Structures are given as C-alpha cells and as structure tokens.
Amino acid sequence: MIAGAKVSDAAARDRIRTSLDESLIIEASAGTGKTTELVQRIVNVLRTGRTTIDRIVAVAFTNKAGRELKLRLRQELDRCRTASQDPDELRHLEHALAHLEEAAIGTIHGFCAQILRERPVEARVDPDFEELDEVAARRVYNGVFRRWMQRKLNEDSPGLRRALARLAAEKDSEH
C-alpha cells in the first residue's frame with residue numbers, strides 16, 4: 001500500500017495511521033481501504049493537535065468519493081469525540097468538527113478551483129469562472145478531442161495513421 005516499500009498490509013496500515021510526522025504516498029486499488037486509512041490518519045493528526053482542520057487538504061478524483069471522504073471524516077471525528085476522555089484531545093476534536101467546512105476536503109478539481117479563485121489575477125482566469133459538472137466536462141472534452149482528431153487526420157500524420165491502423169487490425173483480430 002505504501003509506494004516503494006515492501007511491507008505487510010497490516011504494517012502499512014499501521015504506519016499510515018500512526019506515523020504522523022512523515023509524508024506518505026499511498027497506492028492501492030479501489031476498495032482496499034485507502035479512504036478508511038486516510039480518515040484515521042487525519043483524525044489522529046487532529047486529535048494530537050499537530051495541526052488544525054483548516055490546514056488539512058484531502059482530495060479524491062470524483063465528486064462521490066470527495067463527498068464520502070468528508071462524511072466519513074465527520075463521522076469518525078464525532079465517534080472519537082464521544083469516546084475521548086482526554087481534555088486536550090476533546091478540545092482538538094470539537095474544534096475540528098466545528099470548523100470542518102473550512103478544510104479543503106473534496107475533489108482535486110474543486111481544490112484547484114479554490115486555489116484559482118484565491119489568485120485569479122496571478123492565474124489569469126476570470127474570477128467568476130465556474131467548474132463544469134462531469135456531464136458538461138465530458139461533452140467539452142469530446143468536442144475538443146473530435147476537433148483535434150479531425151485536424152490531425154487532415155494533416156499528413158503518418159504516426160497517427162499507423163496507430164489507428166493498428167487499432168483497427170486489433171479489433172478485426174478480436175472478432
């Protein structure tokens with residue numbers, strides 16, 4: 001689960017949850033528990049007072065995954081607050097719950113949009129820009145890709161023609 005390290009799954013999960021003073025890159029397939037471990041790590045960082053919720057950034061790639069991440073974090077913070085007996089830990093957890101909406105927890109494109117909105121002049125973007133939803137983004141992508149493909153096909157592009165011929169041959173051999 002931890003990139004570049006050959007460790008057991010249990011050891012990797014323990015390191016994610018408890019090794020709070022180092023940065024980690026986690027690589028794992030869908031459904032392996034990345035979100036669960038990330039939530040535990042964030043809660044542990046917050047409960048120990050290493051940082052505050054407004055300094056947390058946690059991103060996912062889809063809107064659904066981003067919403068789930070925030071919901072699960074809220075639930076785990078609440079569960080830990082209820083179970084806590086330590087006054088300092090309790091204060092940290094209550095602060096995190098009260099200020100959860102200040103954290104950048106969501107999608108990567110939402111996080112990037114937040115940065116662009118904070119610095120539109122430097123980024124040279126219209127401060128009133130809007131993010132596209134997934135359907136609109138797919139429509140824009142498909143339109144741009146079609147126009148690019150048409151332009152490339154109208155040019156003398158032997159590499160593209162060879163690649164398309166290979167794809168066509170592969171499709172024919174599958175049938």
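The values are calculated or read from the model by the stated rules, or taken from the named source; none is laboratory data. Predicted model, so just to flag it, every value in this text is computed and none were measured. Neighbour counts run over all protein chains shown; Cβ positions are idealised from the backbone, glycine included. Quick note on the areas: whole protein, heavy atoms, side chains included, nothing else; ligands and nucleic acids left out. Shrake-Rupley method; radii C 1.70, N 1.55, O 1.52, S 1.80 Å.
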By residue number, the members of the stretch 28-59 that are touching a residue at least 12 places away in the same chain (Cβ under 8 Å), under 14 Å from Leu93 (Cα atoms) and among the hydroxyl-bearing types (Ser, Thr, Tyr) are Thr48, Thr52
Can you pull out the residues in the stretch 46-67 that are aliphatic (A, V, I, L, M), at pLDDT 95 or above and closer than 23 Å to Ala12 by Cα?
Leu46
Being of a type outside the set (S, T, N, Q) and either open to solvent by 70 Å² or more (accessible area, probe 1.4 Å) or not in a loop (DSSP other than H, G, I, E, B) (or both) narrows Leu24, Leu20, Leu38 down to just Leu38
Pick out the one residue from Glu89, Glu131 that is touching a helix residue (DSSP H, G or I) at 6+ places or on another chain (Cβ under 8 Å), closer than 30 Å to Glu76 by Cα and open to solvent by 70 Å² or more (accessible area, probe 1.4 Å).
Glu131
Tell me, which helices (runs of 4 or more DSSP H) wholly within the stretch 81-175 include 1 or more residues that are modelled with pLDDT of 90 or more and within 26 Å of Gly66 (Cα to Cα)?
87-98, 108-118, 120-123, 134-154
Residue that is nearest to Cys112 (Cα to Cα), among those in the stretch 60-77 that are open to solvent by 60 Å² or more (accessible area, probe 1.4 Å) and in contact (Cβ under 8 Å) with a residue 12 or more places away in the chain
Phe61
Any residue in the stretch 143-172 that's exposed (fewer than 10 other Cβ atoms within 10 Å of the Cβ): show its pairings with residues that are assigned to a helix (DSSP H, G or I) and of a type outside the set (A, V, I, L, M, F, W, C) at Cβ separation under 6 Å, as long as the two are six or more apart or on different chains.
none
Please verify whether the stretch 26-45 includes one or more residues that are out of contact with any helix residue (DSSP H, G or I) (no Cβ under 9 Å at 6 or more places or on another chain) and modelled with pLDDT of 90 or more.
yes
Let me spell it out: the conditions are (1) in a loop (DSSP other than H, G, I, E, B); (2) among the basic types (Lys, Arg); (3) within 25 Å of Ala30 (Cβ to Cβ), and Arg72 meets all of them except one. Which number is the exception?
(1)
